[in-house]
Amino acid sequence: MSTADTTVSAPPVRQGSRVAEAGVLWFLALVTAAALAVDAYVHADLAPTYDGVTASVSQGDLFRIEAALAALAALVLLAAHRRRAAWAAAFAVTAGGVGAVLLYRYVDVGTLGPLPNMYEPVWYPEKTASLIAEAVGAGAALLGLLLAWHFRRRRSVGE
């Protein structure tokens, strides 16, 4: 008696499914880039207001760095939305922003090395807009990262 071959191969990935995958990633990239653009604008706009909060570096300078990183992450993601590294960078910037604003809103950390004491236990419209944009961006970037990983893995198995 011969043993039947019980291995199952993945079905080939069809062209239509690749188009759909690209469309999903492009949509998520646009959402994430828009969130990063809001993040960049708010931080660049607020930076001069926080130049007086200093240690070795001012909070205004940190806001300018955040604005530059957000703008750069948005551009990289739009240029390379199929790359997992682009999604990871976008997620790092947005999730880091969410973490920082929540930390300094609710915890008086004090001065940390070169970082000034950025404790600010209030909400105002630009801070709220930045948090919402960063949270939406983090969610979209994480989903984009997971889907980019899944689509790539499926293509490598299916081909």
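Let's see how each residue does on (1) farther than 24 Å from Ala74 by Cα; (2) in a helix (DSSP H, G or I); (3) over 23 Å from the mean Cα position of the chain (by Cα):
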| position | (1), (2), (3) |
| --- | --- |
| Glu120 | yes, no, yes |
| Trp123 | yes, no, no |
| Glu134 | no, yes, no |
| Leu142 | no, yes, no |
| Leu147 | no, yes, no |
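The residue that is modelled with the highest pLDDT, among those in segment 133-159 that are among the hydrophobic types (A, V, I, L, M, F, W, C) and out of contact with any helix residue (DSSP H, G or I) (no Cβ under 8 Å at 6 or more places or on another chain), is Leu146. Of all residue pairs spaced 6 or more apart or on separate chains, those with beta-carbon atoms under 6 Å, a first member in segment 90-110 that is touching a residue at least 60 places away in the same chain (Cβ under 8 Å) and a second member that is part of a helix (DSSP H, G or I) and surrounded by 14 or more Cβ atoms within 10 Å (Cβ to Cβ) are Thr94/Glu134; Thr94/Gly137; Thr94/Ala138; Thr94/Ala141.
For segment 19-36, the set of residues classified as under 12 Å from the mean Cα position of the chain (by Cα) and either buried (at least 16 other Cβ atoms within 10 Å of the Cβ) or at positive phi (or both) consists of Leu28, Ala29, Val31, Thr32, Ala33, Ala35, Leu36, listed by residue number.
The values are calculated or read from the model by the stated rules, or taken from the named source; none is laboratory data. None of the values given here were measured: they were computed from a predicted structure. Counting neighbours? That spans all protein chains shown, and the Cβs are built from the backbone with ideal geometry, glycine included.
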